[in-house]
Amino acid sequence: MRKTLLAVSLCGLCFSAGSLAFVKDWSTHSVKKVEQGAKQGDLFAQLELGDRYASGNGIKEDDAKAVEWYYKAAKQGSESAMYKLGMMYDNGHGVNYDAKEAAAWFEKASQKGSVKAQYYLAGMYKWGRGVPKSNSKAVEYYRLAAERNFDVAQNSLGVMYAKRAWSRDR
């Protein structure tokens, strides 16, 4: 009986930790296999295929196709894909440069906990790129990332505090 309860408890822990415990590592598979998985709707295969198209890893580099696969993964809730879409729009890779669209994707990823997205969104508020300039919003997003030990955000937050930029919006 104890062994059964232990096994059930361990299974519960695995499931409560999220589905990541059972994620297939697509990085070791051929492009053909990754493509099959992506077309079948596997979120992680879609993300991997987007990464491969973005980097040209084992496949001809094609930023437009990377965006297509990141978008499919983002529709399934991938924080990483949302962040990467923000980067693609912010840099004009595979899409026309669009700071507002970049900020929107960074905001979505930020809401899901992406510290990188929080950091980039803070910078967009600091400089008024794609969003209204707001030092207080910049500090808010730098703080979110800094609280999760993102060192670059901690530094940026320190600079904002040192300049007392958090207390004024220009």
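The values are calculated or read from the model by the stated rules, or taken from the named source; none is laboratory data. Since the structure is predicted, the reported quantities are computational estimates derived from the model, not experimental observations. FYI the Cβ positions are ideal-geometry reconstructions off the backbone, even for glycines, and counts take in every protein chain you see. Note: accessible area is taken over every heavy atom of the protein model, side chains too, but ligands, DNA and RNA are not part of it. Shrake-Rupley method; radii C 1.70, N 1.55, O 1.52, S 1.80 Å.
Before moving on, here are some points about what is shown:
- Listed by position, the helices (runs of 4 or more DSSP H) enclosed by the range 84-161 that each have at least 1 residues that are of a type in the set (Asp, Glu) are 99-111, 135-146.
- Scanning the range 60-78 for residues that are outside any helix (DSSP H, G or I) and crowded, with 17+ Cβ neighbours inside 10 Å yields one hit, SER78.
- The lone exception for LYS84 - which of (1) basic (Lys, Arg); (2) more than 30 Å from ASN149 (Cα to Cα); (3) modelled with pLDDT of 95 or more it fails: (2)
- Verdict on GLY94 being closer than 27 Å to LYS126 by Cβ, of a type outside the set (Val, Ile, Thr) and either modelled with pLDDT of 95 or more or touching a strand residue (DSSP E or B) at 6+ places or on another chain (Cβ under 7 Å) (or both): yes
- Counting residues in the range 130-149 that are open to solvent by less than 50 Å² (accessible area, probe 1.4 Å), farther than 21 Å from LEU43 by Cα, more than 18 Å from the chain's Cα centre (by Cα) and among the charged types (D, E, K, R) gives zero.
- Residues in the range 58-74 include at least one that is at positive phi and modelled with pLDDT under 95.
- Qualifying positions in the range 85-128 - under 9 Å from the mean Cα position of the chain (by Cα) and open to solvent by 50 Å² or more (accessible area, probe 1.4 Å): LYS108, LYS112, LYS116
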